[in-house]
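The values are calculated or read from the model by the stated rules, or taken from the named source; none is laboratory data. What you see is a predicted model; the values in this text were computed from it and never measured. Cβ coordinates were reconstructed from backbone atoms using ideal geometry, including for glycine residues, and neighbour counts include every protein chain displayed.
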Amino acid sequence: MATLTIRNLDDSVKQALRERAARHGVSMEEEARVLLRTGLSGPAEGKESLWDRVSRLREKYGTEDLEIPERTELAGQREVFADWQDNQ
């Protein structure tokens with residue numbers, strides 16, 4: 001097994017790793033190994049990727065075209081506070 005040293009790691013990243021490791025009950029090193037392993041290997045065996053899941057759901061349920069309402073005014077061509085009155 002190899003050893004990897006990471007220099008100039010932001011304090012916020014180190015703290016996030018420390019908190020994540022604590023939530024999972026493992027060391028920071030183990031949490032970093034898990035993150036690197038899963039990040040580089042893609043979806044775990046038996047688990048589908050997000051893209052595969054979305055594709056499967058689209059095949060099952062289809063897609064829906066949304067009706068887009070017609071624009072009546074263009075941005076910048078209407079007065080933003082046209083209906084607002086100063087009651088002073």
Can you name every residue in region 30-43 that is of a type outside the set (S, T, N, Q), surrounded by 10 or more Cβ atoms within 10 Å (Cβ to Cβ) and out of contact with any Leu (no Cβ under 7 Å at 6 or more places or on another chain)? Glu30, Arg33, Val34, Leu35, Leu36, Arg37, Pro43
Pairs, first surrounded by 10 or more Cβ atoms within 10 Å (Cβ to Cβ) in region 55-80, second modelled with pLDDT under 80 and of a type outside the set (S, T, N, Q), C-beta under 8 Å, six or more apart: Arg56/Glu48
Elements of type helices (runs of 4 or more DSSP H) contained in region 11-88, each with 3 or more residues being modelled with pLDDT under 90: 28-41, 50-61
